[in-house]
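Structure, as structure tokens:
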Amino acid sequence: MEDTIAAIATATGEAAIGIVRLSGSQARPIAQEVFRAGKTKKRVRLKSHRVYYGSIVDPAREEPLDEVLLTYMQGPRSYTREDVVEVSCHGGPMPLRRVLGVMLKAGARLAQPGEFTQRAFRHGRIDLAQAEAVCDMIRAQSDEAANLALQQLEGTLSREITQLRHQLLGSLATIEVSIDFPDEDIDGHAGPPLVDDLTRMRERLQALLARAGEGRIIREGIRTAIVGKPNVGKSSLLNALLGQERAIVTPIAGTTRDLIEETVVQGGVALVLTDTAGIHLTEDAVEQEGVERARRALESSQLVLVVFDDSQGLTEEDKSLLSMIGSRRAVVLLNKSDLDIKKVDRDWLKAHVDNVPWLEISARTGEGLEELQRLIAQLFLGRSYESSARPLIASMRHAHCLERAHDSLKQALEALGREEVADIVSIDVREAIHALGEITGDSLEADIVDRIFQDFCLGK
Amino acid sequence: MASSDKTYDVIVVGTGHAGCEAALASARMGAKTLALTLNLDNIALMPCNPAIGGPGKGHLVAEIHALGGVMGEIADGSALQSRVLNTGKGPAVQALRVLCDKHRYQQLMRRRLENQPLLDIKQALVTEILTDHGRVTGVLTATGLCYRSHAVVLATGVYLEARVITGEHAHRAGPNGQLAAGHLARQLERLGLPMRRFKTGTSPRVHAGSVDLDKMTVQPGEREHPGFSASWRQTTAPADCYLTYTTAETHAIINSNLHRAPLYTGSIEGTGPRYCPSIEDKVVRFHDKESHQVFLEPEGEFTQEMYVLGLSTSLPEEVQLAMLHSIPGCERAKIMRPGYAIEYDCLDPQEMTPSLECRSRAGLYCAGQINGSSGYEEAAAQGLLAGINAVRSLREEEPVVLGRDQAYIGVLIDDLITKGTDEPYRMLTARAEYRLLLRQDNADYRLLPLGFQLGLVEKERYAQFCSKRDKVDDLLQRLSSRRLRDKESLALVEAMKQGRAHPGMTLEEVLLRPNVCWDDMQRIAPDLVGVERDVASEVVFRVKYRGYLEKQERQVERLRKLEHRKIPQDFDYDATKNLSYEAREKLKRLCPSTVGQASRISGVSPADVAILLVQLDARNKQS
Ligand SMILES: Nc1nc2c(ncn2[C@@H]2O[C@H](COP(=O)(O)OP(=O)(O)OP(=O)(O)O)[C@@H](O)[C@H]2O)c(=O)[nH]1
Ligand SMILES: [Mg+2]
């Protein structure tokens, strides 16, 4: 019997709807655990090949995460020939992640790259000639996931996790050495210091997870400010990138008064987009406040999308924006290309913004947005990327591993509290190290023996 | 070349701990077996301290015993002292250690071998393994005699190209002044088996009459003396061991003589084990530590020799003496044998299959230190499996390969052949990822039925095991179905102060509570009084640790799935182009026999495993 796997199945951020897919013997019970039907908010017994409307909740708190359409397909009449559940979410990338999160909590395992297809193949759904293609896909997806994981892990997060794992190995070595070398007079046993150590590490994991929950640390994303004069189409651009009507769009200048923040995956990188109030001089106090915030958003951003209205031509206000970019990476967007009124002076642009690329786009028709994605990927990754949802999944994987590590430490501490014996405590500590090792790619078995001999003077 | 008149099924070269188990298993399974030894008087020699068992190692012995091997019984039969270690650290890591009378151990083993039907035993120096078209056909001895066989088990211990070093003196020899086997090492090299050089060491022995044991702490053995075999009953009083410590003076002596230590002068090239450092190593590496433990252990009933545990050294003999004299209680110690370091050749165990057969030489099995392991127990475990598998291959039966979730023996062999080893490999419980499932006292559950099936466990013992198993099942059933309703029992439960008693609660629920032990249970339900101890302890364990057992079972589940996927030996890794370069190269070299084994090779990623699975499916569908 295969275990049940789960993953986000569509490229988020590009389609308005994302799909979380479950496959395996427990697909239906897991879905039933987290799905509440229609307006009644009740659990239901899912019937095969029907579409249900309702919401996904965190069963611990019955708190709805997203409105969804859910389909249950009993094997073998499904893609993988196992029981499959597909959940179409439309709340954007963050709710999608949370939906996947509760399914993992309910007992599913995060799928490896290509695992759905692999199962479909193994259950005879895909014919033999495709084996090679399946393998190519597994290779490509896992390489890309690994690359992205590396990029996301660069810097502080990676250091933090490596350090935590190192310390946990030290705690485990202390337990192991007392078991494997009972006659040695070594100081260090499963006493109070271990409780303190594990408690401290659990707190650090908790802090990491809290930040991961905000979507900031695990997949930090590029903080991106959309700036421009009123009415140039900033909110329209945000909506177009998100694939949904998130910000209010009107022909009235000064519609957006406050910052609107959303995460989207574009061209292989995640963008934390901030739509801002149009920057201009105004007497209106509320508007003024909005403008001030927009300025601050720009200053704290890593990427600036400067929007000009190509049907209007440049004003002094437009030009003054360029001076605010500073050394930040930026793209100038000449919006409303669908109107085909090229009023912005190209020669002036060439002369004054030679270090910033510019691009014609239409927030209304989507023209030029793909080019924009490529440009951003190039700016940040140094090479062009196929657009995909994978960074989200990779980061999901990390969050999931951190969560497992955290839960294992919690259980280890509970076991210590019940005065369980050293061997029992070690089970959960090992599990925590395993979980962190899945992020850093290290194996526990190789390291623990080394660690024992490094830390302790042993032997006859 | 003169040919002996007899053709054997299996020839075992060497009668150390691996060789003895291999020879006995082979003969007991009905194969005509010849065991060749360098010296008949050195069968089952324990050149280091004569202790058998301890964490990980005791587990191995229990498993050997469950499979029908003899090490456990012989240790019991020659026990001077025995202790159960780790009693406070968890039921799965508890381990028995038996200090043996080293001469008696040898005598008992020799008697076993000599009385074993179908087993011939002979003193001879093997100089060559005979092969024909990549298959083993027999061995040639130094006296020019050739013995034919279908399989050969090499269990040559540390004798290959052995060199013994004490201070500035070095000479070619096996341990305890034995002959070293040189021809064989060179021939193995010619067969294309890469050799590596390891080292190990031993402590000096002193005369019991020359040490002042009163100045040391007594380490008494347990009165109620347990054994590896259930039938064992202690008849003599256990011997004592003694604990003393090195002093600042000892360390000063060592430090001022480091220039004469072979380890530091470079006259030793071999890699030594980290878990068994010499005293000079310990003093250098952990220089903050003011003193190290030193145990004095008796070596037997008919000798005054005592082993000085903790003082392994290859310093010159006069320095060893000065060192000893700086240790409380040893001021007047007389050395009977100096400590020494020994260097020897061994094979890269990655050349072996999971059945311990050489991949490049059909019928050639290797077991023990020749595979880079160290320790009597590790050797015996491999010897047993090599012997079993040599016989099974003659009969064209599937080899016996134990899983990592099934036995420490499985962990040991899988580690050796999959990961190889950079130092003499010693078993540690830390190496077993499913430690809770691998208790010393459930070795019978795990392996005894297999031992019976192989013909190595007698009917009677198997019947005893079955009866225990039934009783355990029965008792578990009773505990979960018996509900407490009468006031008296409920009051007793309340009195334990482990939570409220509620009418209708089962005996199992009571036992589940922390701090409730079997004695408590017997008070509540007097009919439990008659239950045998081993049955009760099995039941208590299963109830108390159910949650953790289930957790480990779940972890094992995934492993099993991969372990069941066999990789055909002719699998073409080059045709599988999506494998990463590193994975492909390693897979080609190590030829893992299951996907599970492949997944443990460093450099083989989960994606490589997935690709392997798909390709194996494709092959299956094609055929
Ligand atoms: N034809 C055309 N119209 C657009 C395009 N993008 C935006 N518009 C229109 O321009 C008007 C202003 O759009 P918004 O997105 O609200 O502009 P904004 O920059 O957010 O404005 P403020 O929030 O007021 O600063 C709306 O009427 C949009 O429909 C485009 O690409 N083409
Ligand atoms: Mg707006």
Which pairs do you get when a residue that is within 25 Å of B:Glu161 (Cβ to Cβ), found in the range B:186-212, comes within reach of a residue that is assigned to a loop (DSSP other than H, G, I, E, B) and of a type in the set (Asp, Glu), reach meaning Cβ atoms under 6 angstrom, with the pair 6+ apart or on two chains? B:Pro194/B:Asp348; B:Arg197/B:Glu269
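Which residues, counting only those in the range A:119-129, are in a helix (DSSP H, G or I), more than 9 Å from chain B (Cβ to nearest Cβ) and modelled with pLDDT under 70? Working first, answer last.
Step one: list which residues in the range A:119-129 are in a helix (DSSP H, G or I), which gives A:119-122, A:128-129.
Now drop any that are not more than 9 Å from chain B (Cβ to nearest Cβ), which leaves A:119-120, A:129.
Residue satisfying the conditions is A:Ala129 alone.
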Listing of strands (runs of 3 or more DSSP E) fully contained in the range A:245-346 that carry 2 or more residues being near ligand 1 (Cβ under 10 Å from one of its atoms) and either surrounded by fewer than 19 Cβ atoms within 10 Å (Cβ to Cβ) or at pLDDT 75 or above (or both): A:303-309, A:329-335
Any chance you could count how many residues in the range A:415-447 are assigned to a loop (DSSP other than H, G, I, E, B) and at the interface with another protein chain (Cβ under 9 Å from one of its Cβ atoms)? 6
Given (1) in contact (Cβ under 8 Å) with a residue 12 or more places away in the chain; (2) more than 25 Å from B:Gln440 (Cα to Cα); (3) more than 11 Å from chain A (Cβ to nearest Cβ), where does B:Phe541 come up short, assuming only one miss? (2)
Taking the range B:340-356 and keeping only residues that are over 19 Å from B:Arg197 (Cβ atoms) and either buried (at least 24 other Cβ atoms within 10 Å of the Cβ) or without any contact (Cβ under 8 Å) to a residue 40 or more places away in the chain (or both), one is left with B:Leu356
Can you find a residue in the range B:513-520 that is surrounded by fewer than 16 Cβ atoms within 10 Å (Cβ to Cβ) and polar (S, T, N, Q)? yes
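Each row is one residue, and each column tells you yes or no for (1) of a type in the set (D, E, K, R); (2) away from ligand 2 (no atom under 16 Å from the Cβ).
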residue: A:Ser323; (1), (2): no, yes
residue: A:Lys336; (1), (2): yes, no
residue: A:Leu339; (1), (2): no, yes
residue: A:Val344; (1), (2): no, yes
residue: A:Leu349; (1), (2): no, yes
residue: A:Asp354; (1), (2): yes, yes
residue: A:Glu360; (1), (2): yes, yes
residue: A:Arg364; (1), (2): yes, no
residue: A:Glu367; (1), (2): yes, yes
Per the filter on the range B:478-497, residues exposed (fewer than 12 other Cβ atoms within 10 Å of the Cβ) and of a type outside the set (Asp, Glu) are B:Ser481, B:Arg485, B:Lys487, B:Ala491, B:Lys497
Test each condition in (1) buried (at least 20 other Cβ atoms within 10 Å of the Cβ); (2) within 14 Å of chain A (Cβ to nearest Cβ); (3) assigned to a helix (DSSP H, G or I) for B:Leu549 and report the one that comes out false. (1)
Which one of these is closer than 16 Å to B:Pro354 by Cβ, over 25 Å from the mean Cα position of the chain (by Cα), of a type outside the set (Ser, Thr, Tyr) and away from every other protein chain (no Cβ under 14 Å): B:Pro568, B:Pro592? B:Pro568
Sole exception among (1) modelled with pLDDT of 85 or more; (2) in a strand (DSSP E or B) for B:His171, by number: (1)
Counted residues in the range A:448-460 being more than 9 Å from chain B (Cβ to nearest Cβ) and buried (at least 18 other Cβ atoms within 10 Å of the Cβ) come to 1
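What residue, of B:Ala27, B:Ala31, is away from every other protein chain (no Cβ under 14 Å) and in a loop (DSSP other than H, G, I, E, B)? Full working, then the answer.
Details: B:Ala27 fails: in a loop (DSSP other than H, G, I, E, B).
Exactly one of B:Ala27, B:Ala31 is away from every other protein chain (no Cβ under 14 Å) and in a loop (DSSP other than H, G, I, E, B), namely B:Ala31.
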I'd like the full set of residues that are closer than 11 Å to B:Arg565 by Cβ and either part of a helix (DSSP H, G or I) or touching a Cys at 6+ places or on another chain (Cβ under 7 Å) (or both), limited to the range B:591-613. B:Val595, B:Gly596, B:Gln597, B:Ala598, B:Ser599, B:Val609, B:Leu612, B:Leu613
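Find the residue count for the range B:54-110, including only residues that are among the aliphatic types (A, V, I, L, M), assigned to a helix (DSSP H, G or I) and either out of contact with any Ser or Thr (no Cβ under 7 Å at 6 or more places or on another chain) or crowded, with 24+ Cβ neighbours inside 10 Å (or both).
Within the range B:54-110, the first condition is being among the aliphatic types (A, V, I, L, M), and the residues that meet it are B:60-62, B:64, B:66-67, B:70-71, B:74-75, B:79-80, B:84-85, B:92-93, B:95-96, B:98-99, B:108-109.
Now drop any that are not assigned to a helix (DSSP H, G or I), which leaves B:60-62, B:64, B:66, B:71, B:74-75, B:108-109.
Next cut, either out of contact with any Ser or Thr (no Cβ under 7 Å at 6 or more places or on another chain) or crowded, with 24+ Cβ neighbours inside 10 Å (or both) only: B:60-62, B:64, B:66, B:71, B:74-75, B:109.
Residues meeting the conditions: 9.
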With criteria (1) over 21 Å from B:His17 (Cα atoms); (2) without any contact (Cβ under 8 Å) to a residue 24 or more places away in the chain; (3) not basic (Lys, Arg), B:Gly182 comes up short on (1)
Of all residues in the range A:347-371 being part of a loop (DSSP other than H, G, I, E, B) and away from ligand 1 (no atom under 16 Å from the Cβ), which is nearest to the other protein chains (Cβ to nearest Cβ)? A:Pro357
Considering only the range B:442-449, I want to know if a residue exists there that is out of contact with any helix residue (DSSP H, G or I) (no Cβ under 6 Å at 6 or more places or on another chain), buried (at least 23 other Cβ atoms within 10 Å of the Cβ) and either over 26 Å from B:Gln369 (Cα atoms) or more than 14 Å from chain A (Cβ to nearest Cβ) (or both). yes
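B:Val153 - would you say it is within 24 Å of the chain's Cα centre (by Cα) and buried (at least 16 other Cβ atoms within 10 Å of the Cβ)? Explain how you work it out, then say what you get.
On the way: within 24 Å of the chain's Cα centre (by Cα): yes; buried (at least 16 other Cβ atoms within 10 Å of the Cβ): yes.
Here the answer is yes, as B:Val153 does meet what is asked.
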Of A:Ala145, A:Ala133, A:Ala140, the only residue that is more than 8 Å from every other protein chain (Cβ to nearest Cβ), at pLDDT below 70 and not in a loop (DSSP other than H, G, I, E, B) is A:Ala145
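The values are calculated or read from the model by the stated rules, or taken from the named source; none is laboratory data. Bear in mind the structure is a predicted one, so any value in this text is a computation, not a measurement. Using ideal geometry, Cβ is built from the backbone for each residue, glycine included, and neighbour counts are taken over all protein chains shown.
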